[in-house]
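Quick notes on the structure that follows.
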Amino acid sequence: MPGFLDFLGDVIAGELDIYVITFALVVAMVVLLFLSYPMVVPLAVATLIGLVHFSQSDTGVIIQQMVTGISPNALIAVPMFIFAADIMARGHTANNLLGLIEAFVGHRRAGLPITACISCTLFGSVSGSTQATVVSIGQIMRPKLLKAGYKDSFVMALIINASDIAFLIPPSIGMILYGTLANTSVGELFIAGIGPGVVLALMFSVYCYFYSVLQGDLIARVPKKSGAERRAAFRKAILPLGFPVLIVGGIYTGAVTPTEAASFSVLYALIVECVIYRELKLNDVLDSALSTGLITAVVFILVGIGQAFSWYISFEQIPQGLLEPLNLEGASQEYILFIIALCFFVGCMFVDSLVVLVILTPIFVPIVDASGIDPVLVGVMVTLQMAIGSATPPFGCDIFTAIAIFNRPYLEVIRGTLPFFAILALMTAMLIHFPGIALFLRDLAAF
């Protein structure tokens with residue numbers, strides 16, 4: 001007890017010790033989080049405590065670092081992709097993508113869950129948002145899967161976890177932010193995310209097939225579509241499929257940068273949904289623009305204050321001190337990737353993934369640079385952990401999105417997630433030991 005009191009005395013006195021500073025910052029953030037403040041407030045207060053109480057530094061550095069954090073040109077792509085995704089989420093895109101997949105595989109065994117899985121992957125390449133994918137695909141596919149005889153726990157777990165492939169398939173907001181924070185090529189990250197995203201979709205589809213086989217006659221199949229119906233479904237889906245071709249193809253060939261691709265994506269979405277489909281009116285576009293502005297403001301404020309917090313803990317060399325017992329200096333690539341994956345996964349289980357990204361990325365970047373690990377591989381690994389964390393209890397954001405959309409209790413929503421979590425963990429292990437899954441396409445593109 002006296003030892004703990006001495007420790008608290010050091011905290012109050014502002015003694016400069018990394019464990020004392022870390023304790024004070026963590027306690028301040030946890031208390032504010034329990035008081036229901038948004039994450040930007042605990043980050044700002046913790047930074048102020050560190051600067052004023054421990055370092056006696058000028059608080060103006062917070063503003064300087066916030067401006068620095070939101071200054072990179074690559075961040076221009078964030079509101080553009082959010083705007084394009086919102087427009088397509090309000091229109092016919094999800095329906096047309098679902099119609100195409102269902103027309104070709106829906107009648108087969110496990111056809112409907114595989115349709116949901118592939119549709120989440122394709123819509124992720126349009127929206128770049130897991131939550132938008134849960135809403136758009138989930139609202140359409142859940143009634144169909146339930147009608148076919150699938151258990152609701154399986155259906156919700158499938159939609160939540162398959163939607164997380166949107167984190168890996170470009171355009172990915174998480175990859176843009178990671179690329180900015182780690183000074184890594186966003187274009188390379190986009191291309192590198194395709195391989196793991198496709199492999200993950202295949203693994204989910206295999207699980208859906210075996211699950212359907214075990215259910216046997218309890219599962220009904222939908223009628224097989226005729227050739228004319230398949231051709232009609234393909235014609236309707238051509239325009240939505242052009243969206244990922246525009247982004248991935250343009251970046252892959254070097255014709256456009258990610259920022260330019262983001263700008264073209266907004267124009268493409270407006271033409272498709274407003275001019276060709278005529279699904280959206282001017283008021284819908286204005287609503288979408290307002291929603292985009294609000295989301296972008298939240299993201300940029302978080303990135304800005306996260307940059308200030310990261311600068312302070314780097315200034316005090318807190319990450320180096322805390323990570324020293326892990327013996328990462330000179331460790332193998334596999335061990336370093338495992339530690340990075342573990343830290344990001346645990347963090348994303350409890351806090352919004354973008355917050356974890358902003359805080360932890362600057363901590364691990366120097367270690368990655370010193371070890372010689374390909375930063376693009378690390379970016380894909382980090383993005384995968386963000387995806388896993390967003391669908392993992394207790395506080396995965398996609399879980400609460402599903403609760404709100406499907407109006408089901410928390411325990412029922414998470415009941416069927418364990419097999420999908422095992423697949424995601426296996427995907428993590430595969431990336432650690434077989435990095436070519438992510439780097440093959442990147443190397444082929446020869447950026």
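Bear in mind that the values in this text are calculations on the coordinates, not laboratory data. Just so you know, these numbers come straight off a predicted model, no measurement behind them. Positions of Cβ are generated from backbone atoms using ideal geometry, with glycine treated the same way; all protein chains shown enter the neighbour counts.
Under a model in which nothing but the beta-carbon of Lys, Arg (+1) and Asp, Glu (-1) is charged, the range 188-337 shows a dipole of about 1160 debye around its Cα centre.
Sorting T401, T253, T259 from the fewest to the most surrounding beta carbons within 10 angstrom yields T253, T259, T401. Neighbour counts of C-beta atoms inside 10 Å place F167, F344 in the sequence F344, F167, starting with the fewest. Spatially, the range 340-362 and the range 236-282 are offset by 31 Å when compared through their Cα centroids. Going by the alpha-carbon gyration tensor, a ≥ b ≥ c the square roots of its eigenvalues, is the range 304-345 rounded (a/c under 1.5) or, if a/c is not under 1.5, prolate (a/b greater than b/c) versus oblate? Oblate shape, in that a/c is at least 1.5 and b/c is the bigger or equal ratio. The distance between label points at E334 and R221 comes to 4.2 nm (points 7 Å beyond Cα on the Cα→Cβ vector).
Starting from 0.36 nm per residue, how many nanometres of slack lie between A445 and V198 once their C-alpha separation is accounted for? Present the calculation step by step, with values, prior to reporting the outcome.
Working: separation 247, 0.36 × 247 = 88.92 nm, distance 1.73 nm.
Additional length available on full extension: 87.2 nm.
Of D287, D352, D398, the residue with the greatest mean-square motion in the GNM of the chain, using alpha carbon springs below 10 Å, is D287.
How much length would be gained if the chain were fully extended between L33 and Q139, taking 0.36 nm per residue of separation minus their Cα-Cα distance, in nm to one decimal? Before the final figure, lay out the partial values.
On the way: separation 106, 0.36 × 106 = 38.16 nm, distance 3.15 nm.
So the extension gain works out to 35.0 nm.
Considering only V245, V378, V356, the mean-square fluctuation computed in a Gaussian network model of the chain, springs between alpha carbons under 10 angstrom, is largest for V245.
Taking the fewest neighbouring Cβ atoms within 10 Å as the starting point, the ordered list for F190, F338 is F338, F190. Using only the alpha-carbon atoms, how far is helix 375-390 inclined from the longest principal axis of the chain? Give it as 0 to 90 degrees, nearest 10. Result, in degrees: 80. Here the label points at M430 and F210, each 7 Å from Cα along the C-beta direction, are separated by 1.3 nm in the simple model. Model label points for R230 and D17, set 7 angstrom from Cα along the Cα-to-Cβ axis, are 7.1 nm apart.
For V222, nonlocal amide neighbours, meaning residues 5 or more places apart or on other chains whose placed amide H falls under 5 Å from its own, do not occur. In a GNM of the chain with a 10 Å cut-off on Cα contacts, which of A262, A132, A148 has the highest mean-square fluctuation? Maximum among the listed residues: A148.
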